[in-house]
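**Q** Quick one: structure below, then a few questions.
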Amino acid sequence: MEGLAAKIEHTILKADATESEIKKLCEEAKEHRFFGVCVPPYFIKLAKQVLSKTECKVVSVVGFPLGYNSTPSKVEETRKAIDEGADEIDMVLNIAAFKNGDFNFVLNDIQSVCTLTHLKNRKLKVIIETALLSKEEIVKACEICAEAGVDFVKTSTGFSTSGAQAEDISLMRNNLPSNIGIKASGGIKNKEQALALVEAGASRIGASAGVKLL
């Protein structure tokens, strides 16, 4: 299962995560040669330290989990995360602005973070929270992300009503340029589910059950 392992971002984003849990996450990521770990901003330095002599990447989150933080605060969160060692940033779409049709605001919000991320030679994923969007809205969100020039579009925070669905991944893949990847995340509990999401078009898998997926 080396192919699947290389796509997995082993994840802990719960509010009460402990140092020992993050260390265990990183050790498991090293052992199984996962792509990386996804951790709360508070634990970026620790994860970077534990993974220092490996290829394993450190991913963290911005505007998480609701997305309606101000644009300057998202930019500052991103700057600090990168300064502390984050290789990739997963930012949450401003769903409130999106739902209210303020697409210029949403585009500017994403571009502001994307510009900084790329200036620092890092990658940006945008979490669109598919569970809260209609099919038409998923397509529109993908269009905005493509215009902003992001590296990946991600399905879910894992904190909403549901997580990654294969049909949503397929819809996203059909409405994104080939150079933009898709990260499936939220509620991925077994290997069969993970492989179905990859088959649908996901190039990364975000899961707290990373070891179990193998």
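No lab work stands behind these numbers, since they all come straight from the coordinates. It should be emphasised that the depicted structure is a prediction, and the values quoted were computed from it without experimental measurement. All Cβ positions, glycine included, derive from the backbone under ideal geometry; neighbour counts span all protein chains shown.
**Q** May I ask you to list the trypsin sites (Lys or Arg not before Pro) in the stretch 170-214 that are in a DSSP loop and have at most 15 other Cβ atoms within 10 Å of their Cβ?
**A** Loop-located and lightly packed - 189.
**Q** Magnitude of the Cβ-charge dipole of the stretch 98-214, K/R +1 and D/E -1, about the Cα centre, nearest 20 debye?
**A** Values: 14 positive and 12 negative charges, 113 e Å.
For this selection, approximately 540 debye.
**Q** Quick one: compute the contact order of the chain, relative version, from alpha carbon pairs under 8 angstrom and 6+ residues apart, as a percent. Don't jump to the answer; show the numbers that get you there.
**A** Numbers: 435 pairs, mean separation 38.5, N = 214.
Once divided by the residue count of the chain, the mean separation gives 18 percent.
**Q** Here's another thing I want to ask about it. Which FRET efficiency, nearest 0.05, do residue 79 and residue 19 yield, Cβ-Cβ r, R0 22 Å?
**A** Numbers: r = 24 Å, r/R0 = 1.09.
Calculated transfer efficiency: 0.35.
**Q** While we're here: Go through the stretch 1-110 and name the GluC sites (Glu not before Pro) that are in a DSSP coil and have 14 or fewer other Cβ atoms within 10 Å of their Cβ. Numbers along the way, then the final one.
**A** Numbers: sites: 2, 9, 19, 21, 27, 28, 31, 55, 76, 77, 84, 88; in loops: 55, 84.
Listed in order of number, the matching sites are 55.
**Q** Next question, about the same structure. Within the set of other residues whose C-beta is less than 9 Å from the C-beta of residue 127, count the net charge using Lys and Arg as +1 and Asp and Glu as -1.
**A** Details: positive: 125, 154, 183; negative: 90, 129.
Surrounding charge for residue 127 is +1.
**Q** Okay, next question. To the nearest 20 debye, what charge dipole does the stretch 1-138 have about its Cα centre, counting +1 at the Cβ of each Lys and Arg and -1 at the Cβ of each Asp and Glu?
**A** Taking the Cα centre of the stretch 1-138 as origin, the dipole is about 320 debye.
**Q** Arrange the peptides 155-163, 45-53, 97-105 so that the one whose residues have, on average, the most other Cβ atoms within 10 Å appears first. Don't skip to the answer; put the middle values down first.
**A** Values: 155-163: 20.7, 45-53: 16.7, 97-105: 14.2.
For the peptides 155-163, 45-53, 97-105, the packing ranking is 155-163, 45-53, 97-105.
**Q** Still on this structure, please answer the following. To make sure I understand, if each residue's beta carbon is the centre and we count other beta carbons within 10 Å, what order do 176, 213 fall in, fewest to most? Write out the running numbers ahead of the final one.
**A** On the way: 176 20, 213 23.
Going from least to most buried by this count: 176, 213.
**Q** First measure r as the distance between the Cβ atoms of residue 99 and residue 146, then evaluate 1/(1 + (r/R0)^6) with R0 = 25 Å and state the FRET efficiency to the nearest 0.05. It would help to have the intermediate numbers written out before the result.
**A** Details: r = 20 Å, r/R0 = 0.78.
Step by step, r from the Cβ atoms, then E = 0.80.
**Q** Separate question: What number, rounded to the nearest 500 deg cm²/dmol, is the helix-based mean residue ellipticity at 222 nm of the chain, given -39500 (n - 2.57) per DSSP H run of at least four residues and division by all its residues?
**A** Details: 10 runs with 97 residues, N = 214.
One gets -13000 deg cm²/dmol as the mean residue ellipticity at 222 nm.
**Q** Among 32, 118, 10, which comes first, second and so on when ranked by fewest other beta-carbon atoms within 10 Å?
**A** Values: 32 19, 118 14, 10 28.
Listed from fewest to most nearby Cβ atoms, that is 118, 32, 10.
**Q** What whole-number volume per residue, in cubic angstrom, does the convex hull of the C-alpha atoms of the chain give? Each step should come with its number before you reach the end.
**A** Values: hull volume 22.6 nm³, N = 214.
Per-residue hull volume (Cα only) is 105 Å³.
**Q** Another one. Work out from phi, with θ = phi - 60° and the Karplus expression 6.51 cos²θ - 1.76 cosθ + 1.60, the ³J(HN,Hα) of each residue of the stretch 203-209, listed in order in whole Hz, and give x for Gly and Pro.
**A** With coefficients 6.51, -1.76 and 1.60, one gets 9, 9, 10, x, 7, 7, 8 Hz.
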